[in-house]
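Okay, structure first, notes after.
Here, each number is a calculation from the coordinates, and none is a lab measurement. Just so you know, these numbers come straight off a predicted model, no measurement behind them. Methodologically, a virtual Cβ is constructed for each residue, glycine included, from the backbone with ideal geometry; neighbour enumeration extends over all protein chains shown.
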Amino acid sequence: MSKLQLSVAMGDYDRTRALLDGRVQIDGVDPVFMNLYPEEMFFRAMRSQEFDISELSFSSYAVKTAKGDCPYVAIPVFLSRAFRHTSLYVRKDRIRRPEDLKGKRIGLPEYQLSANVWARALLQDDYGVAPEDVTWVRGGIETAGRPEKIALSLPKGVKLESAPDGVTISELLDRGEIDGFMAPRPPSIKALANPNVGWLFDDPTSEAKDYFKRTGIFPIMHVVGVRKTLAEQHPWLPGAVFKAFVQAKVAALEALSDTSATKVTLPFVEEQLKAARETMGEDYWSYGVARNRPTIDAFLRHHHSQGLSSRPLSADEIFHPATYETYAI
């Protein structure tokens with residue numbers, strides 16, 4: 001039987017590299033890989049469904065799934081995860097603590113980004129700053145005029161406006177015309193050079209560790225989607241994709257643990273790996289639904305409460321059925 005030739009769009013991560021270099025194969029698939037930045041990849045996947053298998057924004061996937069018009073079905077592979085305490089920048093000359101953001105203006109590149117769902121969730125749960133307590137100003141980080149990838153219908157009370165024509169949210173933060181900045185990427189270099197601009201949390205790593213110890217949540221940003229029509233034609237495909245991504249992640253962790261010659265261009269890798277496992281467990285970057293249910297449930301709850309998904313979604317309905325249980329040897 002000939003293999004399916006399928007396009008696969010994803011980022012270039014250590015946890016995908018074994019797929020890219022051929023050490024790990026997707027059973028039954030002859031892949032054509034494309035390494036893309038998230039902004040381009042997600043735009044092309046959701047606007048014109050250009051890829052057979054694609055890394056997807058968890059938030060965009062949830063928006064489309066709730067509406068019943070998502071062209072992809074997800075598998076529980078989480079290529080991007082991050083604590084979003086580092087996603088919040090403020091004018092330090094006027095914002096001293098998270099609660100000071102009430103009644104203020106916060107810039108963001110898109111309201112529905114997964115990173116922003118998580119950042120708003122921690123502001124609301126831990127500090128009582130609800131989405132309707134803030135005026136949100138949408139604009140590009142480095143380039144003016146960035147649109148939302150998908151149409152939104154936000155709840156009454158949420159105030160969302162566009163940045164002035166030709167102006168980025170980094171410029172607004174630098175000039176003091178907004179009080180905060182929320183995004184998966186930092187503001188521009190010029191804004192960061194401003195002594196009045198800095199992280200909301202002085203020690204975001206300490207805040208994130210405390211957050212994990214209290215909640216057990218390691219935020220998920222991206223899932224992997226298989227085109228629905230392909231999954232229907234080839235029911236074995238989602239399971240094969242899931243298996244391959246798990247094997248690629250295992251290979252990445254084995255390389256990371258080999259410190260005879262460090263594989264990452266960063267000092268203290270051995271110490272950081274030990275600390276991560278002591279705090280979060282041996283399989284700290286886990287795939288699959290069972291081990292990630294608290295994180296998935298929290299995301300879906302906040303996603304709906306923030307007005308992004310049109311109906312409540314359940315962890316039991318958003319992934320392909322073949323990926324909820326896997327075989328064991």
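Numbers at a glance
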| quantity | calculated |
| --- | --- |
| Assigned charges on the beta-carbon of Lys, Arg, Asp, Glu; region 84-215 dipole about Cα centre (debye) | 120 debye |
| Residues of region 203-225 with amide N under 20 Å of the 7 Å Cα→Cβ point at Met34 | 222-225 |
| Normalised contact order of the chain, rounded percent, pairs of Cα under 8 Å and 6 or more residues apart | 27 percent |
| Kyte-Doolittle mean at least 0.0, axial Cα span of 20 Å or more - DSSP H helices of the chain | 237-257 |
| Region 84-215 shape via C-alpha gyration tensor axes, a/c threshold 1.5 | oblate |
| Theoretical gain in end-to-end length, Glu99 to Thr265 [0.36 nm per residue, Cα-Cα removed] | 56.0 nm |
| Theoretical gain in end-to-end length, Glu177 to Asp69 [0.36 nm per residue, Cα-Cα removed] | 35.1 nm |
| 18 Å Cα-Cα reach of Lys263 towards aspartates and glutamates, excluding residues that sit fewer than 8 places from it in its own chain | Asp12, Asp14, Asp21, Glu254, Glu271 |
| In region 84-215, lysine pairs with alpha-carbon atoms under 17 angstrom apart (chain gap of 8 or more, or interchain) | 5 |
| Cα centre as origin, Lys/Arg/Asp/Glu Cβ charges: region 271-328 dipole, Debye | 180 debye |
| Estimated FRET transfer efficiency when R0 is 30 angstrom, pair Met280-Leu192 (beta carbons, to 0.05) | 0.55 |
| Inter-site label distance for Tyr127 and Val289 at 7 Å from Cα along Cβ, in nm | 3.5 nm |
| Projected label distance in nm at Trp199 and Glu142, using a 7 Å step from Cα toward the beta-carbon | 2.2 nm |
| Calculated FRET efficiency for the pair Lys92/Glu232, C-beta based, R₀ 51 Å, to 0.05 | 0.45 |
| Dipole magnitude of the chain about its Cα centre (Cβ charges: Lys, Arg +1; Asp, Glu -1), debye to nearest 20 | 500 debye |
